[in-house]
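Enquirer: Take a look at this one; I'll ask things after.
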Amino acid sequence: SFLYFKVLYEKFDYLSAILSAYFLNIGYSLLRYFFFGKSYIETFDQVLKQNKEIFTASLQNNQEQLSILLDVLDKVKVIYTKYYVGIWVATIVIAVYLGSLIISKKASFTWVHKTLRLPFFLVYLLIASLGLLLIPAYNVIGINILIMLVPLFLIQGSSILDFFWGNYFKRSKFLMILLIIAIVLNYFILLLVALIGLIDIWFNIRKLKTMEE
């Protein structure tokens, strides 16, 4: 938080503040992994074990529902133990982004969100993560990097939506709420917005409207 506000009020640039917090949290999450990773996983295992015991005692008369629930818990365990570094960074950057939108409405200097443009080197990080995915020994590392990058592409994609349709949605709050719900709840729309953000980093989709004008 300190670094975020320091960069924000020195540069008056929301994107620089978000990226500063983003890269700092990558370092922090790696430190957490190397120094506390084992204890985190052990604690998580204990919590899951306790939950399984509670669910087993509560759903003895509904074996089908119990079986589904235990299967879900096992999948959550696999996801958390392998990818919690990426998940930590992803949740932090989303929180910082949403916080920036709120601060922008209250601060003396606003954020022209629709002009947001992330640095191109993120494309190289994406290529590196996809390359690691192809190597079985580094598959988990590649997925963690990919999880870290997806929120940034989502942010870029949301700025594209704002650029082309922001004025329209501002006039219709109901449609804006529906769009937000659809993005949050629909996995495919979420990926589509992230893909749009990635394409814009690479090719600058905003040029289409400039050329049209």
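The values are calculated or read from the model by the stated rules, or taken from the named source; none is laboratory data. Since we're looking at a predicted model, the values are computed, not measured. Using ideal geometry, Cβ is built from the backbone for each residue, glycine included, and neighbour counts are taken over all protein chains shown. Keep in mind that these areas ignore ligands, DNA and RNA; they rest on the heavy atoms of the full protein, side chains included. Shrake-Rupley method; radii C 1.70, N 1.55, O 1.52, S 1.80 Å.
Enquirer: Restricting attention to the stretch 37-82, report how many residues are surrounded by fewer than 12 Cβ atoms within 10 Å (Cβ to Cβ), within 23 Å of the chain's Cα centre (by Cα) and within 30 Å of Phe2 (Cα to Cα).
Expert: Residues that pass the stated criteria total 0.
Enquirer: Another one. May I ask you to verify whether Val7 is open to solvent by less than 100 Å² (accessible area, probe 1.4 Å) and within 24 Å of Leu101 (Cα to Cα)? Steps first, answer last, please.
Expert: Numbers: open to solvent by less than 100 Å² (accessible area, probe 1.4 Å): yes; within 24 Å of Leu101 (Cα to Cα): yes.
Yes; evaluated as a whole, the condition is true for this residue.
Matching residues to (1) of a type outside the set (A, V, I, L, M, F, W, C); (2) closer than 17 Å to Ile196 by Cβ:
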position: Leu116; (1), (2): no, yes
position: Val123; (1), (2): no, yes
position: Ile127; (1), (2): no, no
position: Leu134; (1), (2): no, no
position: Val140; (1), (2): no, no
position: Ile143; (1), (2): no, no
position: Val150; (1), (2): no, yes
position: Gly157; (1), (2): yes, yes
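Enquirer: Taking the criterion of being of a type outside the set (Ser, Thr, Tyr), on the phi > 0 side of the Ramachandran plot and outside any helix (DSSP H, G or I), would at least one residue in the stretch 5-25 satisfy it? Spell out the reasoning first.
Expert: At the first step, the residues of the stretch 5-25 found to be of a type outside the set (Ser, Thr, Tyr) are 5-8, 10-13, 15, 17-19, 21, 23-25.
Then keep just the ones that are on the phi > 0 side of the Ramachandran plot; that gives 12.
After this cut, where a residue has to be outside any helix (DSSP H, G or I) as well, the list is 12.
Within the stretch 5-25 (the criterion being of a type outside the set (Ser, Thr, Tyr), on the phi > 0 side of the Ramachandran plot and outside any helix (DSSP H, G or I)), the answer is yes, since at least one residue qualifies.
Enquirer: Is there a residue in the stretch 181-188 that is crowded, with 16+ Cβ neighbours inside 10 Å, in a helix (DSSP H, G or I), at pLDDT 80 or above and of a type in the set (Phe, Trp, Tyr)?
Expert: no
Enquirer: While we're here: Here is a list of conditions, (1) out of contact with any helix residue (DSSP H, G or I) (no Cβ under 7 Å at 6 or more places or on another chain); (2) within 24 Å of Lys207 (Cβ to Cβ); (3) assigned to a helix (DSSP H, G or I); (4) open to solvent by less than 80 Å² (accessible area, probe 1.4 Å), and Trp165 meets all of them except one; can you say which number that is?
Expert: Evaluating Trp165 over (1) out of contact with any helix residue (DSSP H, G or I) (no Cβ under 7 Å at 6 or more places or on another chain); (2) within 24 Å of Lys207 (Cβ to Cβ); (3) assigned to a helix (DSSP H, G or I); (4) open to solvent by less than 80 Å² (accessible area, probe 1.4 Å) leaves (4) as the failure.
Enquirer: Turning to a different aspect of this structure: What is the residue count in the stretch 11-29 for residues that are open to solvent by 40 Å² or more (accessible area, probe 1.4 Å) and either within 19 Å of Leu118 (Cα to Cα) or at pLDDT below 90 (or both)?
Expert: 5
Enquirer: Of the residues Leu132, Leu146, only one is over 22 Å from Leu24 (Cβ atoms), hydrophobic (A, V, I, L, M, F, W, C), surrounded by 17 or more Cβ atoms within 10 Å (Cβ to Cβ) and touching a residue at least 12 places away in the same chain (Cβ under 8 Å); which? Walk me through how you get there before you give the answer.
Expert: On the way: Leu146 fails: over 22 Å from Leu24 (Cβ atoms).
Criteria check complete, one pass: Leu132.
Enquirer: I've got another one for you. What do you reckon, is Leu101 open to solvent by less than 90 Å² (accessible area, probe 1.4 Å), more than 25 Å from Leu154 (Cα to Cα), part of a helix (DSSP H, G or I) and modelled with pLDDT under 90?
Expert: No: the conditions fail for Leu101.
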